[in-house]
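Input: a single structure, listed below in structure tokens.
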Amino acid sequence: MLKEIDFLDGYSQLIDALRGRGAFLVTGVEKPNAMTIGWASLGLIWSKPILSVLVRPSRHSFLLMNSHEEFVVSVPPSEMNKQLAVCGSRSGRDIDKFSECSFTAGAGIKVKVPHIEECPLHFECKIVHKNNVEADRLSAAIASQYYPGGDFHTIYYGEIIGAFKKED
């Protein structure tokens, strides 16, 4: 059973996952897709709780992010390294990641996008803004390290409309 929590109560768990193995960005409704993310930002913008995620245009998730107004970030337990590897190296264009990883699609509580039931923490978000990372406005050091071939991310700003944690 999931319990709604203040988004800040999940902050440390999200940051620990991102600093270590990653988290899952879930997009799509009819055929949900999970992508491993290692970068995100959580805070207050426009007096709203915002979770920002980055997606490259070359990714299948990019199409889904632009086709829906919502996304979910599911924070995995430590034993999900295999699933994080699959979702970070295989494309949802080629495989059904929910099936491949034996994920259970839990119905969204405040959004249409499902969450991964096997994860203990979820942030349900509605996209309120997006913008492209632009080469000429980015530090040259960051551009050369993370974008040697181009394929600059789009940053999606999601208002957190619900944060949920499994009850112990």
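The values are calculated or read from the model by the stated rules, or taken from the named source; none is laboratory data. Every value quoted in this text rests on a predicted model; they were computed, and no experiment measured them. Every residue, glycine as well, gets a Cβ built from its backbone with ideal geometry; the counts of neighbours run over all protein chains shown.
Below, the figures for the structure above:
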| quantity | calculated |
| --- | --- |
| Meets criteria (more than 24 Å from Glu79 (Cβ to Cβ) and either among the small types (Gly, Ala, Ser) or touching a strand residue (DSSP E or B) at 6+ places or on another chain (Cβ under 9 Å) (or both)) for Ala163 | no |
| Which numbered condition Ala105 fails, given (1) in contact (Cβ under 8 Å) with a residue 60 or more places away in the chain; (2) farther than 25 Å from Gly162 by Cα | (2) |
| Residue that is farthest from Cys101 (Cα to Cα), among those in region 18-39 that are part of a strand (DSSP E or B) and among the hydrophobic types (A, V, I, L, M, F, W, C) | Ile37 |
| Qualifying residue in region 53-67 (condition: over 12 Å from the mean Cα position of the chain (by Cα) and on the phi > 0 side of the Ramachandran plot) | no |
| Candidate set from region 85-102 (those that are touching a residue at least 40 places away in the same chain (Cβ under 8 Å) and over 16 Å from the mean Cα position of the chain (by Cα)); member that is surrounded by the fewest Cβ atoms within 10 Å (Cβ to Cβ) | Asp96 |
| Selection from region 59-102 of residues that are outside any loop (DSSP other than H, G, I, E, B) and of a type in the set (Ser, Thr, Tyr) | Ser61, Ser67, Ser74, Ser89, Ser99 |
| Some residue of region 106-116 being closer than 22 Å to Trp39 by Cα, under 14 Å from the mean Cα position of the chain (by Cα) and in a strand (DSSP E or B) | yes |
| Single residue of region 1-37 satisfying the filter (touching a Gly at 6+ places or on another chain (Cβ under 7 Å) and free of Cβ contacts under 8 Å to residues at least 40 places away in the same chain) that is surrounded by the most Cβ atoms within 10 Å (Cβ to Cβ) | Ile37 |
| First in region 126-147 and surrounded by 11 or more Cβ atoms within 10 Å (Cβ to Cβ), second anywhere and basic (Lys, Arg), Cβ under 7 Å, 6 or more apart | none |
| Residues being in contact (Cβ under 8 Å) with a residue 12 or more places away in the chain, closer than 12 Å to Leu14 by Cα and more than 10 Å from the chain's Cα centre (by Cα) - total across region 38-52 | 1 |
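The rows are residues; the columns are (1) among the acidic types (Asp, Glu); (2) at pLDDT 95 or above; (3) under 19 Å from Trp39 (Cα atoms); (4) touching a Cys at 6+ places or on another chain (Cβ under 6 Å).
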site: Val55; (1), (2), (3), (4): no, yes, yes, no
site: Leu84; (1), (2), (3), (4): no, yes, yes, no
site: Phe98; (1), (2), (3), (4): no, yes, no, no
site: Val133; (1), (2), (3), (4): no, yes, yes, no
site: Ile155; (1), (2), (3), (4): no, yes, yes, no
site: Ile161; (1), (2), (3), (4): no, yes, no, no
site: Glu167; (1), (2), (3), (4): yes, no, no, no
